[in-house]
1. Just check the stretch 199-307 against the gyration tensor rule for me: Cα atoms, a ≥ b ≥ c as the square roots of the eigenvalues, rounded for a/c under 1.5, and otherwise prolate or oblate depending on whether a/b exceeds b/c.
2. Given a cut-off of under 8 Å on Cα pairs at least six residues apart, what relative contact order in percent is computed for the chain?
3. Past the 14 angstrom mark, what percentage of all C-alpha to C-alpha distances in the stretch 292-370 do you count?
4. How large is the translational diffusion coefficient of the stretch 329-424 in µm² per second when you combine the Kirkwood radius over alpha carbon pairs with Stokes-Einstein at 37 °C and 0.692 mPa s?
5. Which trypsin sites (Lys or Arg not before Pro) in the stretch 1-107 sit in a loop by DSSP (not H, G, I, E or B) and have at most 16 other Cβ atoms within 10 Å of their own Cβ?
6. Find the Rg to Rh ratio for the stretch 104-174, where Rh is the Kirkwood radius over alpha-carbon pairs and Rg uses the same atoms.
7. Exactly which trypsin sites (Lys or Arg not before Pro) in the stretch 349-378 are in a DSSP loop and have at most 15 other Cβ atoms within 10 Å?
8. Have a look at Leu162, Val63, Ala119 and report the one farthest towards the positive end of the charge dipole of the stretch 57-196, computed about the Cα centre with Cβ charges (Lys/Arg +1, Asp/Glu -1).
Amino acid sequence: MAEQIQPIRGMNDILPAEVGAWQHLERSVRELVTAYGYEEMRVPILEHTALFKRSIGELTDVVGKEMYSFESQGGESLTLRPEATAGMARAVISNRMLRGQRHKLWCMGPMFRYETPQAGRYRQFHQVNLEAVGFAGPDVDAELIALTARLWRTLGIERVRLQINSLGTPESRRAYRELLVAYFRGHESSLDADSLRRLEGNPLRILDSKNPEMQELVAGAPLLTEHLDQESRDHFDALCGMLRDIGVEYEINPRLVRGLDYYSRTVFEWINESSGAQNAVCSGGRYDGLIAQLGGEPTPGIGFAMGMERIVALLVQAGQLPSPAKPDVYVVLNGERASAEGLALVERLRNELPRRRFEMNLGNGNFKTQFRRADRSAAPLALIVGDDELARGVVGMKPLRQETGQTECPIAQLAQGIEAALASLGCA
Ligand code: ATP
Ligand code: MG
């Protein structure tokens, strides 16, 4: 046997048994975001590396060590998208969608980051992204958060809580940054290697450190919330008021800084209590400077990304899954003529009853084998197409989950006969 080719570490196959949960999530998301007026937009998975460097920031973990970048045949540096906001912002600019217009957009798909794979952290993972561009908020901030809260209710996910914070404007953040650097400089010997590296380039990220030994030092650091400019403070207070009005509970986490450079003002994260360092299920924030930074006309924006693998895991944990699809009718074929004519008969039934699922026995097999397959399919009804029956212009019908006997139905009335039989079996 030839040597097997291994899958890429951290990149998962989603098997048929799990796909039901994914489809359930995708369906729920699509319905909900459409009801909130978001329009789907699809953007490429590959972009110029420069897009991510310029938007996410060179000193972030994502750009610094997690990107899948390579040179194309034409010598361009391209990158598999590690997140969607940059590409969505790029697309809004490239397609001249701005010009004073506002858009509520969403997309869904795979993202790629070279991280250490572990439960809830993969190298190819999937996100749902919402982006509202042209809205200065805070009303849109509150509405986006309301949408996420409603999604958890729709999906039956209970153990998630909301943390919010404001990062202020780049100007107020600059002043705060100096205070922060001064504080950490005073404790330089207690900083771990990552934090030392961040001290110069991106000191706010030290607040986001996942190292338990850094927690005490981080807890003593000056708080960004105490150094906000007045407009950002008003924006944040208004957001908090709206969340209270609609009954969405939140915690203010003054150390929530988020890992990407483009955020300003509102940032938020939904955290699941039970999954350790992989506990963020949905993260987002305002990026008022991003579009200008990418060469578009200055336009405010806010968005978030949900990690679909992490949400699917919560759905599975909560047992909140729709039952897997099963056929309505399993078609058993018995004899030479039946085998020859079976497919045409089933195709005709599929025309007449497009809503019904037919599973025809494939690859022959004796009567017993075929009934075993019919049983395993979990269909409530079997059709028995046999030479003997065909000669008499009928087809046999047998309930598979009840002890009722076999009946016959004229081929000319088969569609009605199947509907009636299924209805009597409770499969309307
Ligand atoms: P984390 O702190 O867990 O690394 P992050 O801040 O890097 O998350 P974002 O870039 O904000 O995450 O991405 C949004 C969401 O995407 C996260 O809240 C999480 O649910 C999910 N996510 C991020 N990275 C991964 C990954 N490697 N595998 C699976 N899901 C991920
Ligand atoms: Mg990360």
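1. Values: a/c = 1.40, a/b = 1.19, b/c = 1.18.
The shape class here is rounded.
2. On the way: 701 pairs, mean separation 65.3, N = 428.
With pairs under 8 Å counted, the relative contact order is 15 percent.
3. Values: 2350 of 3081 pairs.
Distances greater than 14 Å cover 76 percent of the Cα pairs.
4. On the way: Rh = 13.2 Å.
Using the Kirkwood radius from Cα pairs, D works out to 250 µm²/s.
5. Details: sites: Arg9, Arg27, Arg30, Arg42, Lys53, Arg54, Lys65, Arg90, Arg96, Arg99, Arg102, Lys104; in loops: Arg9, Arg42, Arg96, Arg99, Arg102.
When the trypsin sites (Lys or Arg not before Pro) of the stretch 1-107 are filtered for loop state and at most 16 Cβ neighbours within 10 Å, Arg9, Arg42, Arg96, Arg99, Arg102 remain.
6. Details: Rg = 15.6 Å, Rh = 15.2 Å.
Ratio of gyration radius to Kirkwood radius: 1.03.
7. On the way: sites: Arg350, Arg355, Arg356, Arg357, Lys368, Arg372, Arg373, Arg376; in loops: Arg355, Arg356, Arg357.
Qualifying residues, ordered by number: Arg355, Arg357.
8. Result: Leu162.
The values are calculated or read from the model by the stated rules, or taken from the named source; none is laboratory data. All values derive from a computational prediction rather than experimental measurement. So basically every Cβ, Gly included, is an ideal-geometry build from the backbone, and we count neighbours across all protein chains shown. Ligands, DNA and RNA are stripped out before the accessible areas are found, and what is left, the full protein with its side chains, is counted by its heavy atoms. Shrake-Rupley method; radii C 1.70, N 1.55, O 1.52, S 1.80 Å.
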